[in-house]
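The next block holds one structure in the form of structure tokens; read it before the comments.
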Amino acid sequence: MKNPIVPLVHEKKNLIFTIMKTIRNSALLLVLFALAIAGCKKETKETVTCSLLANPDTVSVGMTVVYTANRTGDGTMSQLSYATSSGMVTVTNPALPWTITIQVPANTKITMTASGTVTNGSLDIDYMGTGEGHTTHASDNCAHYSE
């Protein structure tokens with residue numbers, strides 16, 4: 001005659017083993033899921049502050065000077081300044097692209113400066129002066145590209 005308790009004990013051990021295996025697998029999946037979420041953290045992109053200077057030049061003759069400012073990507077120019085015969089003129093938050101053409105007499109110091117920020121792109125300033133067979137030119141740029 002077989003002992004009726006032996007199959008019950010064996011079934012109970014199998015049930016406990018199955019429950020423990022399920023708990024272990026669930027815990028492992030939870031840990032893997034947590035690691036996957038932590039690994040998907042979005043990087044913050046670095047923003048660079050730009051200070052631009054188109055080198056000054058004193059013109060020896062009267063000239064037509066074209067000042068320009070441009071951007072690519074997300075470049076933002078907070079301020080630009082340019083020289084005229086009566087001094088520096090500052091433009092706050094210029095809409096880019098920006099340009100102005102002015103006349104300056106001989107012995108005028110011409111220059112251009114700008115400041116702004118870039119995360120993924122560039123800022124550019126430039127001036128070109130022409131007159132009486134003479135030319136002068138200067139530019140500066142600031143670029144940064146986040147991956």
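Summary of values
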read-out: Candidate set from region 26-52 (those that are of a type in the set (A, V, I, L, M) and surrounded by 13 or more Cβ atoms within 10 Å (Cβ to Cβ)); member that is modelled with the lowest pLDDT; value: V48
read-out: Among (1) in a loop (DSSP other than H, G, I, E, B); (2) on the phi < 0 side of the Ramachandran plot - the single one N107 does not satisfy; value: (2)
read-out: Matching residues, region 53-68, being among the hydrophobic types (A, V, I, L, M, F, W, C), within 14 Å of D124 (Cβ to Cβ) and buried (at least 18 other Cβ atoms within 10 Å of the Cβ); value: A54
read-out: Whichever residue in region 84-93 is among the polar types (S, T, N, Q), in contact (Cβ under 8 Å) with a residue 12 or more places away in the chain and in a strand (DSSP E or B) and, among such residues, is nearest to N141 (Cα to Cα); value: T92
read-out: Residue that is surrounded by the most Cβ atoms within 10 Å (Cβ to Cβ), among those in region 134-144 that are touching a residue at least 12 places away in the same chain (Cβ under 8 Å) and farther than 30 Å from T47 by Cβ; value: T136
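Table: residues versus (1) in contact (Cβ under 8 Å) with a residue 60 or more places away in the chain; (2) surrounded by fewer than 18 Cβ atoms within 10 Å (Cβ to Cβ); (3) within 18 Å of V48 (Cβ to Cβ).
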position	(1), (2), (3)
N70	no, yes, yes
Y82	no, no, no
A95	no, yes, no
V104	no, no, no
T113	yes, no, yes
T119	yes, yes, yes
S146	yes, yes, yes
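The values are calculated or read from the model by the stated rules, or taken from the named source; none is laboratory data. Here the structure is a predicted model, which is why all the values come from computation and not from measurement. Reconstructed Cβ throughout: ideal geometry from the backbone, glycine too, with neighbour counts over all protein chains shown.
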